[in-house]
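A quick write-up on the structure given underneath.
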Amino acid sequence: MEETETTVPDSPAVREPNAFLHVYDVLADAIAAHAFPGCAFGVFANGAVVLQDALGSSTYDDDAFPIAPETVYDIASVSKVLATTAAVMLLVQQGRLQLDTPLGDFLPGFVVGRESSQRARRVTLRHLLAHSSGLPGYVEFFRTASTPDALLRACLQLPIQAEPGTHAEYSDPGFILLGKALEVLTRESLATWVHREIIQTLQLHSTGFNPPPRRRSHIPPTEIDETFRHRPIQGEVQDENAWVMGGIAGHAGVFSNVPDLLRFAGAVLAAAKSNGSLWSRTTVEEFAQRQGPAGSSCALGWDTPSENSSAGRHFSARSIGHLGYSGCSLWIDLDAEVAAVLLTNRTWPDRKSQLVRDARPAFHDALREALLS
C-alpha cells in the first residue's frame, strides 16, 4: 500500500490579509449575541492549514482568559468520529472487525434475558454506526446509575424500539455500546487503544480523554451544573453519562483543539485522495456513504449534509462531519478537499442558548466563500 504524508503545518499558510474578514464578522457577531463567549476555528484547504485563529474569552466574566487557536475544548459528540468511528475504520481495514457482526457477539448481555431477544440478535455494529439500531436517542442513565458497570447494565437492557435498519434515531446509547464492544475486541480501554493507534500516530498532541488536573484551568468551562454535580464543569467531560463512566465512553469524552482536529481532518483527506498514514481510500469511501433507512443523513459513524445543514450551503454531498453538544463541529468536504473546525462552549453558563444553530452555517458559508474569492 502506497502511503502519503499528511501535511498540516504548525502555522497557517499565507493568505491575503482580508480574505476571511467576513468569517471574523460572523463569529464576532455571534459572540456579541451571546451564542458563545469565545471560539477557536480553523480551515484546511489545498493541502495545508490556511486559517487558524480564535476570538473571545472562556466565559462572559471580566476575569475570563482569552481564547487562542491552541485552546483545548470538550468536543462532546465529535468524539464519536475522532475516537470511536476512527477506531472502527482502522479495525475494519486491518481485518479485525466486520461491520455486520451482531453486537451480541461482543456483548452477550445485550441479548440474554430480554423479551425481544430475536430483535436484539439482529442489531449489528453497522446499525450502531448508522444510528439505525432501534435504540432510543438519549437516556439519563446517570440519574440512577452511579458506576460504569451499573450504567452499562442499564444500557444493555434498553428496549429496542424499532426493527434494526428500519428507523433512524441518533443514539448516544448505541455509541456507548459500540465503545464497549471495541474494548471487548481489543482487550483494552477505548482511551488506551485510541491514544496509541490514532492519537499518537497522527501526532495529536493536545487530544485525549480526561485532561490532567494541571491543564483543566486552561480549558473553557462548559456549564454551571445546578442539577447533578452542583458545580461549574471545567476540564472534565460535560456529558453526565460519560462522566459516570469515568470520562471514557464511545459517545463523548474527548478533549481537543483546532490544530489537532485539522491534522485529523488532513489525514482523512489524504486517505480519501490516495492512501493516508492510517486509512485507505477504500475505507474512507465506505464510511462516507449514507446508510439506510431512507431520509437519514447518517453515514457510518459520520453525518453528511442535509437540508439546512450546519455545514451551510457550500459543502458538497460528499462531505462528512459531526457536531458536538458543547458547540463544537468538524466538517470535511471530500470533493473540495476542505475541512473546517469550530470549537465553542455555547453551553456556558447554561444550556439555554441555541444561537449556535445560526452561527455554524453562517461561519461555514463565510469561509467557503472566502476560499472561492
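The values are calculated or read from the model by the stated rules, or taken from the named source; none is laboratory data. Computed from a predicted structure; not experimentally measured. Cβ atoms come from the backbone with ideal geometry, glycine included; neighbour counts cover every protein chain shown.
Overview of values
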item: Condition broken by D100, with the remaining ones in (1) farther than 28 Å from P232 by Cβ; (2) buried (at least 16 other Cβ atoms within 10 Å of the Cβ); (3) in contact with a helix residue (DSSP H, G or I) (Cβ under 6 Å, 6 or more places away or on another chain) satisfied; result: (2)
item: Options R114, R126, R122; residue that is touching a residue at least 24 places away in the same chain (Cβ under 8 Å), within 19 Å of F175 (Cβ to Cβ) and more than 21 Å from the chain's Cα centre (by Cα); result: R122
item: Candidates G327, G312, filtered to the one that is within 14 Å of the chain's Cα centre (by Cα) and on the phi > 0 side of the Ramachandran plot; result: G327
item: Every pair of residues 6+ apart whose Cβ atoms lie under 9 Å, when the first sits in the range 261-283 and is in contact (Cβ under 8 Å) with a residue 60 or more places away in the chain while the second is surrounded by fewer than 18 Cβ atoms within 10 Å (Cβ to Cβ) and assigned to a helix (DSSP H, G or I); result: A272/R281; A272/E285; K273/R281; S274/R281; N275/R281; N275/T282
item: Residue match in the range 167-185 (condition: of a type in the set (A, V, I, L, M), farther than 15 Å from G253 by Cβ and free of Cβ contacts under 8 Å to residues at least 24 places away in the same chain); result: no
item: Selection count, the range 324-346, where residues are surrounded by 24 or more Cβ atoms within 10 Å (Cβ to Cβ) and in contact (Cβ under 8 Å) with a residue 40 or more places away in the chain; result: 16
item: Test set (1) at pLDDT below 95; (2) in contact with a helix residue (DSSP H, G or I) (Cβ under 9 Å, 6 or more places away or on another chain); (3) among the small types (G, A, S) - S306 fails condition number; result: (2)
item: Pairs with Cβ under 6 Å, 6+ apart, first in the range 74-95 and at positive phi, second among the polar types (S, T, N, Q) and not in a helix (DSSP H, G or I); result: A76/S326
item: Some residue of the range 146-153 being part of a helix (DSSP H, G or I), more than 30 Å from S117 (Cβ to Cβ) and of a type outside the set (G, A, S); result: no
